[in-house]
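Only one structure is covered here, and it is reproduced in the block below.
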Amino acid sequence: MSQEMREIAMRLQIARIIRGYRSRSAFVKQFNFKLGTYNSHEIGRHEIGASYINKYCAALNISVTWLLLGEGYPMFFQFVLFCIFFMIILGII
């Protein structure tokens, strides 16, 4: 597996979790994806084809540029809210 595939897989996982899907199975059920296919993409076992890239980006409301290259801030507002929520739970704020 290439470094690029690992990074794409990591961003896919981050996007899923930030969007509130704690498990892969919850995400694929919501959008009728095949669990085995999604698992292989999220762990970086198989390269993600263009059609799946577009489907995942639409489902997760992220940009293709961010998923593939890590450029930009596709979910900045949601990320800030997630961090604030996490800090509240930990009693930091």
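If LYS55 meets every condition in (1) in a loop (DSSP other than H, G, I, E, B); (2) basic (Lys, Arg); (3) modelled with pLDDT of 95 or more apart from one, which number is that one?
So the condition that LYS55 fails would be (1).
Mind counting the residues in segment 1-34 that are over 17 Å from CYS57 (Cβ atoms), open to solvent by 70 Å² or more (accessible area, probe 1.4 Å) and not in a helix (DSSP H, G or I)?
So the count comes out to 3.
I'd like to verify a number: residues in segment 35-51 that are open to solvent by 50 Å² or more (accessible area, probe 1.4 Å) and part of a loop (DSSP other than H, G, I, E, B), how many?
Residues flagged as open to solvent by 50 Å² or more (accessible area, probe 1.4 Å) and part of a loop (DSSP other than H, G, I, E, B) within segment 35-51 amount to 4.
Considering only residues that are open to solvent by 70 Å² or more (accessible area, probe 1.4 Å) and not in a helix (DSSP H, G or I), which ones fall in segment 58-67?
Hit for segment 58-67 is ASN61, nothing else.
Any idea which of ARG11, ARG45, ARG24 is basic (Lys, Arg) and modelled with pLDDT of 95 or more?
Checking each option against the conditions leaves just ARG24.
The values are calculated or read from the model by the stated rules, or taken from the named source; none is laboratory data. Computed from a prediction, not measured in an experiment: that's the story for all the values here. Cβ: placed from backbone, ideal geometry, glycine included. Neighbour counts: every protein chain shown. Accessible surface areas use protein heavy atoms only, side chains included; no ligands, DNA or RNA. Shrake-Rupley method; radii C 1.70, N 1.55, O 1.52, S 1.80 Å.
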